[in-house]
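This report concerns only the one structure given below.
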Amino acid sequence: SSAHTIAVLDIFGFENFKSNSFEQLCINVTNEHMQRFLNQHIYDLEISDCQHEGIDTIDINYADNHLVIETFFNKHSGILAILDEESRFPQATDQTLATKLHHGPGVQFRDIYSVPKDGGTTFTIRHYAAPVVYNMVGLLEKNRDFLPNSIVFVARTSNNLIIQELFRMNLNEKGVLPASPSLRNHQHHPNTFHANRDIKRNDVSFNHGVKHSSHLQQPSRTLPEKSNGNTFERTGGTAMRTVAFHFKHSLSELIEKMTLCQCHFVRCIKPNELRDKTTSLTVPCVTRQLRYSGVLQMCEIRKKGYPLRIQFDEFLHRYNALVLCLLPITTDDRSKELSLSSLTYSRDRAIECLKRAGIDNYKVGRTKLLFRYWHSDQLHNLAVQYEKKVNVCQKVLRGWLARRKYSRLREVHQLQLVFIRKFCDDIALTGQLYKTKMDNHCQYDKKRKLKQNVQPKANDADEEQIEKTMNYFDSLIDPYLSDQETNAENK
């Protein structure tokens, strides 16, 4: 089941305030351990990558902070050991603790532990991030973390089963309560109220009118004897367990668990101290966080190894402009691409491209190209130069294509204008011809209208002449017709 477990560790970052006490000491010691684990993790990652790619491992020398950790965790003269030793003496004071620390780790670890000139209750530790001044006032009381015996007595004699079990059990070495057998039987209860309700139901049972007591014994209300130690933290015959004692064992267990896991690290960086919602970025604030989080040391380790690892096909895709300019594709490359595997073909093209670009001191692995930190700038600068040249070529070519297209469009436009002019001229000429013909027809029509106006007058004269002639003949015929009528009547 542990193989399918995801654990998230969220801890405070490195702290360096105006007044640093026991809390900052524990946080910074934890960060020292995390920084050493991170450095070792990155170093092992570098070595494993080199071995996986089949290249010679490199010797990386980085600033190891084991002396800082030894200053705190040394079994006899460490800061935490002396702090626990003084916490067991009721007569110990902050000044006696300071004297022992100044003559213990202050002498053995001079490069890490700095003693103040006045020999007071402060000391300075040179951490991986920055020197921190710790104040020893109240350090013993915070380490003892005693509960008064009266509070322990009230809790142990409480009517609440949960509180009884919590205060009757002893903390383990990591400062965690172990599982209680009596509490396991009541794990199905969602809260304390239901647990107490069920317990009260089981306390009293009636069998033939006889009342029997519960299986739980009522706690004794006898006050405990006075003791100079923490009743909650101690068992009979064992040494007193302080906060530093639990802290050391808990941190040791954490490091062991992290060693068995595949770790990933996430660093959160605040852009400014003003909590401004805008995109303002304060350089001193960000730099301080990078130094406190150990990112700068991590970068130093990566710089000494091969921080840039790129697969062959990814290299050809990322630096495409460099590949196209230095290594154009030919017919032979087409045949090689068909005959070789994709990995071999990409590797050969990447190596040939780097050779023509003048890049050296890199390593060729089984699946990746391993570069030093300066290779990134070289490749980036070459890619930018060739991209500019490619952009110039593209600009010239696009300009030439645009001008050619414009000239063709202009020629087509000129031809269209010629055809349009010719069409308009033809239309104008045809219109002129039709206009001339229409004018001729109009003139002809006018002449015909004049003739038609003269012809009616001639016809009128003829009719008058005919009428006169007819009247004349009538005058000649009338006497003859009248004589015939008279004769007829006579007959």
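Kindly indicate whether Tyr444 is among the aromatic types (Phe, Trp, Tyr), open to solvent by 90 Å² or more (accessible area, probe 1.4 Å), at pLDDT 75 or above and not assigned by the TED database to the domain that holds Leu322. It is true that Tyr444 is among the aromatic types (Phe, Trp, Tyr), open to solvent by 90 Å² or more (accessible area, probe 1.4 Å), at pLDDT 75 or above and not assigned by the TED database to the domain that holds Leu322. Summed over segment 6-30, residues that are among the β-branched types (Val, Ile, Thr) and either touching a Ser or Thr at 6+ places or on another chain (Cβ under 7 Å) or modelled with pLDDT under 85 (or both) total 1. Would you call Val176 of a type outside the set (Lys, Arg) and either open to solvent by 20 Å² or more (accessible area, probe 1.4 Å) or not assigned by the TED database to the domain that holds Ser250 (or both)? Judged against the criteria, Val176 is a match. Does any residue of segment 78-89 turn out to be over 28 Å from the mean Cα position of the chain (by Cα), more than 27 Å from Val286 (Cα to Cα), exposed (fewer than 15 other Cβ atoms within 10 Å of the Cβ) and not assigned by the TED database to the domain that holds His127? No: zero hits. Ile47 - would you say it is without any contact (Cβ under 8 Å) to a residue 24 or more places away in the chain and either exposed (fewer than 14 other Cβ atoms within 10 Å of the Cβ) or assigned to a helix (DSSP H, G or I) (or both)? So Ile47 passes the test. Taking the stated definitions as given, is His52 in contact (Cβ under 8 Å) with a residue 24 or more places away in the chain and not assigned by the TED database to the domain that holds Val364? Spelling it out, His52 is indeed in contact (Cβ under 8 Å) with a residue 24 or more places away in the chain and not assigned by the TED database to the domain that holds Val364. Using the structure shown, decide if Ile163 is without any contact (Cβ under 8 Å) to a residue 60 or more places away in the chain, assigned by the TED database to the domain that holds Ala81, assigned to a helix (DSSP H, G or I) and closer than 19 Å to Thr242 by Cβ. It is false that Ile163 is without any contact (Cβ under 8 Å) to a residue 60 or more places away in the chain, assigned by the TED database to the domain that holds Ala81, assigned to a helix (DSSP H, G or I) and closer than 19 Å to Thr242 by Cβ. Can you tell me which residue within segment 1-34, out of those that are part of a helix (DSSP H, G or I) and of a type in the set (Val, Ile, Thr), is nearest to Thr259 (Cα to Cα)? Once the filter is applied, the top-ranked residue is Thr30. Of all the listed residues (Ser342, Ser376, Ser346), the sole one being over 30 Å from His127 (Cα atoms), out of contact with any helix residue (DSSP H, G or I) (no Cβ under 9 Å at 6 or more places or on another chain), at pLDDT below 90 and not assigned by the TED database to the domain that holds Ala63 is Ser376.
The values are calculated or read from the model by the stated rules, or taken from the named source; none is laboratory data. Keep in mind the model is a prediction, meaning the values are calculated, not measured. Reconstructed Cβ throughout: ideal geometry from the backbone, glycine too, with neighbour counts over all protein chains shown. Accessible surface areas use protein heavy atoms only, side chains included; no ligands, DNA or RNA. Shrake-Rupley method; radii C 1.70, N 1.55, O 1.52, S 1.80 Å.
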